[in-house]
Amino acid sequence: MDDSVRKLKELVDGSGNIVFFGGAGVSTESGIPDFRSVDGLYNQKYRYPPEEILSASFFRKNPEEYYRFHHDKLRLRGAQPNAAHRKLAEWEAEGKLKAVITQNIDGLHQAAGSKNVIELHGSLLRAYCARCGRRYPAETVNDGEGVPYCDCGGVIRPDIVFYEEGLDQDDMYRAVEYISHADMLIIGGTSLVVYPAAGLVRYYRGSKLVLVNKGETGADRDADLVIHAPIGEVFSQL
Ligand code: CNA
């Protein structure tokens, strides 16, 4: 075991109030591409940039094009949790970890057994009508082709937070509470560039801030331990 992984293990062993804050990089080892890595969605070519397709105004004006992207790129295709998701669920069951705060929309933390998951950007596993609010099963937006419509004539959308939309205030409040009371904060698999979610890590007041990310982030210099490696590989050693 590498020295930095050994150090992470010691920090985890000595903590009883861990909070994990993560992003798309947590699920790349489950086969779901992130946004900003070289093989991420932002480096592939579409008729429109992904940040535009994933915006509220684009969805309203152009649901056909949105759903073409959704069916092509946002399908989870049977992805399974990896060692990082599983280890976090294990720590929660042991009482060591209090919350997973994620920017991911893939439901893999819950699939691994995590119970207290704050999904800041919603979930692809829920759907509702953009006009009347009626709830629909996830298959309505994830299976098949084309635009799904509600009986009221409205377009059914995934329950994810599009660009231009605000985050749920209750989720943000709970996330701040968990982070500000944590004795250890592990940040993993996120470029920390999407706000306001990324700003949450500033609420941490403890002395065990750990970053496990393939690439560098703006928080590296503030961290007590930085590991630049695939998170599933690292967590499988803990
Ligand atoms: P991002 O901006 O794509 O950054 C991902 C980060 O993870 C990068 O810094 C990578 O270096 C790093 N990374 C990639 N693979 C690994 C790995 N195996 N181990 C460790 N680090 C790795 O993604 P963010 O989450 O920071 O951006 C927020 C967006 C991305 C949110 O709105 C998400 O909804 C959205 N997103 C989510 C998913 C998902 O649900 N799985 C997939 C793609 C995008």
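Bear in mind that the values in this text are calculations on the coordinates, not laboratory data. Keep in mind it's a predicted model, so treat the numbers as computed, not measured. Backbone-built Cβ (ideal geometry, glycine too); neighbour counts: all protein chains shown.
Assign unit charges at the C-beta atoms only (+1 for Lys and Arg, -1 for Asp and Glu), then state the dipole size of the range 1-159 relative to its Cα centre in Debye, rounded to the nearest 20. Numbers along the way, then the final one.
Working: 22 positive and 22 negative charges, 72 e Å.
Dipole size: approximately 340 debye.
State the percent of C-alpha pairs, over all pairs in the chain, separated by a distance greater than 23 angstrom. Please report the intermediate quantities before stating the final value.
On the way: 13795 of 28203 pairs.
Counting pairs separated by more than 23 Å, the tail of P(r) holds 49 percent.
Any chance you could run the full-extension gain for Ser236 through Lys45? It's 0.36 nm times the residue separation minus the Cα-Cα distance, nm to one decimal.
That works out to 65.4 nm of additional length.
Going by alpha carbons, how many degrees (0 to 90, nearest 10) lie between the helix axis of 3-13 and the longest principal axis of the chain?
Helix 3-13 and the main axis of the chain meet at about 90 degrees.
In deg cm²/dmol and to the nearest 500, what is the mean residue ellipticity at 222 nm of the chain if only DSSP H runs of at least 4 residues count, each as -39500 (n - 2.57), divided by the residue total?
About -8000 deg cm²/dmol.
Taking other Cβ within 10 Å of each residue's Cβ, how do Ser180, Ser191 sort, fewest first? Don't skip to the end; give the middle numbers.
Values: Ser180 15, Ser191 21.
With the fewest neighbours first, Ser180, Ser191 line up as Ser180, Ser191.
At a 10 Å Cβ-Cβ cut-off, how would you order Arg86, Arg134, fewest neighbours first?
Arg134, Arg86
Go ahead and run the numbers for FRET between Cys152 and Glu90, Cβ-Cβ distance against an R0 of 35 Å, rounding to 0.05.
The computed FRET efficiency comes out at 0.20.
Describe numerically, in nm with one decimal, the distance between label points set 7 Å from Cα along Cα→Cβ at Leu225 and at Tyr195.
That separation, rounded to one decimal, is 3.0 nm.
Please determine, in degrees from 0 to 90 and to the nearest 10, the orientation of helix 169-181 with respect to the longest principal axis defined by the Cα atoms of the chain, where the helix direction is its Cα long axis.
Long axis of 169-181 versus the principal axis of the chain: about 10 degrees.
How long is the range 110-238 along each principal axis, judged by its Cα atoms, biggest number first, in Å?
Each principal axis gives a Cα extent; for the range 110-238 these are 53, 30, 26 Å.
How many nm separate the modelled label positions at Asp2 and Cys132, each set 7 Å beyond the Cα in the direction of the Cβ?
5.4
Let me know the whole percent of all Cα-Cα pairs from the range 95-137 that are separated by more than 17 Å.
The calculated P(r) of the range 95-137 puts 41 percent of pairs beyond 17 Å.
Report, to the nearest 10°, how far helix 63-73 tilts away from the longest principal axis of the Cα atoms in the chain, using its own Cα long axis and a range of 0 to 90°.
Computed tilt is about 40 degrees.
How many angstrom separate the Cα center of the range 75-136 from the Cα center of the range 175-232?
So the two Cα centres are separated by 19 Å.
Which aspartates and glutamates, if any, have their Cα less than 18 Å from the Cα of Lys7, not counting same-chain residues under 8 positions apart?
Asp183, Asp220, Asp222, Asp224, Glu233
Counting other beta carbons within 10 Å of each Cβ, put Val193, Val26 in order, fewest first.
Val193, Val26
Could you give the nm distance between label points at Glu52 and Lys115, where each point is 7 Å from its Cα heading toward the beta carbon?
According to this spin-label approximation, the distance is 4.6 nm.
Considering only DSSP beta bridges where both residues belong to the chain, give the percentage that are antiparallel (nearest 5).
30
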